[in-house]
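Any read-out appearing in this document is the output of simple, stated calculations on the displayed coordinates, not a laboratory observation. Note that the coordinates shown come from a computational prediction; the quantities given were computed from them, not determined experimentally. Ideal geometry is used to build each Cβ from the backbone, glycine not excepted, and the neighbour counts take in all protein chains shown.
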Amino acid sequence: MPEQRKRKPDHYYYKAKEEGYKSRASYKIKQMQEKFNFLKRGQIVIDLCGAPGGWAQVTKEFIGNEGRVMVFDLQLVNNIKGVEGYTVDITSDEIIPFILAKINPKTTVDIVLSDCAPKVSGAWHTDQARQIYLAENALAIAVKLEANVFITKIFEGKDFNEFKINAKKSYSTLRVFKPNASRKESAETYIILTGYLGKDALIEFESEDYN
């Protein structure tokens, strides 16, 4: 099902405006938190493709001042209190050294979040392939950082099942969840992975670069 280029404002759009959130996407992570309760006070959270900052706002509410939220995106997020924003391409070879340079070497990354989506071309198979590519990169980052929780947007379609199979090589539990805040007509859903299995359980992807 193709993602639509333009959509009319809806209930969650107006709700975000009223409650001071950067985007309607804030309610997606709120609903995932209500369901799975993965955000805890004091955690270290990496937010990939996090602009304009809707997920980071909600994450900061739950982890408090003791924790850190770091957003890595091509767009800079620098106007949310207590949230760190960095400009970088998450698909670049330098992404892991770049992230590691921003955290204490002894720091344990608790959660990696990814709401990554490509610029929509209107060609569904191309858009879905590009989104899977971004999800693969995000998963590889989570594994390399040894994050115990990884959550990613995924477009259902070709390679969806293969992605889940590969993800299960590195995490003990995989759940698929579509928040009510996701538009009904959208093909997006979210994969919640918990229980990192360790350095020996590394993923291998064989996919083209869809940049």
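Could you line up Ser26, Ser186 from fewest to most neighbouring Cβ atoms inside 10 Å?
So the residues, fewest neighbours to most, are Ser186, Ser26.
Working out 0.36 nm times the residue gap between Lys164 and Thr87, then minus their Cα-Cα distance, what length gain in nm do you get to one decimal?
24.9 nm
What does the charge dipole of region 11-196 about its Cα centre add up to, to the nearest 20 debye, if the Cβ of each Lys and Arg holds +1 and the Cβ of each Asp and Glu holds -1?
Using only the charged Cβ atoms, the result is roughly 500 debye.
Work out Dmax and Rg for region 1-101 from the C-alpha atoms and quote the Rg first, both in angstrom.
14.5, 41
Residues with beta-carbon under 9 Å from that of Ala16, excluding Ala16: net charge, scoring Lys, Arg +1 and Asp, Glu -1?
+2
Based on other C-beta atoms within 10 Å, arrange Lys30, Lys102 from fewest to most.
So the ranking, lowest neighbour count to highest, is Lys102, Lys30.
Rounded to the nearest 500 deg cm²/dmol, what is the calculated helix-only ellipticity per residue at 222 nm for the chain, with -39500 (n - 2.57) per DSSP H run of length n ≥ 4?
Dividing the helical sum by the residues of the chain leaves -9500 deg cm²/dmol.
Quote the FRET efficiency, to the nearest 0.05, computed for Glu66 versus Phe36 with a Förster distance R0 of 22 Å and r equal to the Cβ-Cβ distance.
0.60
What length, rounded to one decimal in nm, is gained on full extension from Ser172 through to Thr107, with 0.36 nm per residue of separation minus their alpha-carbon distance?
Value of the extension gain: 21.2 nm.
Looking only at the chain, where both bridge partners belong to it, what percent of the DSSP beta bridges are antiparallel (to the nearest 5)?
DSSP beta bridges in the chain are roughly 40 percent antiparallel.
Would you mind giving the average projected area, over all directions, of the Cα convex hull of the chain in nm² with one decimal?
11.0
Can you sort Tyr171, Tyr86 so the residue with the fewest Cβ neighbours within 10 Å comes first?
Ordered from fewest to most neighbouring Cβ atoms within 10 Å, Tyr171, Tyr86 come out as Tyr86, Tyr171.
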